[in-house]
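One structure below.
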Amino acid sequence: MNLNLRQAILSNVTGHNADQLQATIDDALQQGEEKMLPGLGVFFEKLWQESNEQDRQEILSTLEKSLAE
């Protein structure tokens, strides 16, 4: 069986509005289960791909600050 996890995750959320996406993210974070990490990773990948250089620097700065704590 050839499973494309990335594509499966994207097909599950394609067309969702901001509220639905936030609910998905909040649910994944609240559950804290490792099985949710690939989905969050796909979300991050899409965010990164769609971000301009200024947005990327802001993301990196936020990550750096949160990982320093």
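Values computed for the structure shown
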{"read-out": "Additional length obtainable on full extension of the chain from A18 to L5, 0.36 nm per residue less Cα span", "value": "2.5 nm"}
{"read-out": "Rounded to 10°, Cα long-axis angle of helix 53-68 versus longest principal axis of the chain", "value": "80"}
{"read-out": "Estimated dipole of segment 17-69 in Debye, rounded to 20 [Cβ of Lys and Arg +1, of Asp and Glu -1, Cα centre]", "value": "100"}
{"read-out": "Length gained when the stretch K46-E58 is fully extended (0.36 nm per residue, less Cα-Cα span)", "value": "2.8 nm"}
{"read-out": "Positive-end extreme of charge dipole, the chain - chosen from T24, Q57, P38 (charges on Cβ)", "value": "P38"}
{"read-out": "Estimated [θ] at 222 nm from DSSP helical runs (n ≥ 4, -39500 (n - 2.57)) normalised by residues in the chain, nearest 500", "value": "-24500 deg cm²/dmol"}
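Bear in mind that the values in this text are calculations on the coordinates, not laboratory data. All figures in this text were calculated on a predicted structure; none of them were measured in a lab. Glycine also receives a Cβ, built like all others from the backbone with ideal geometry; neighbour counts cover every protein chain displayed.
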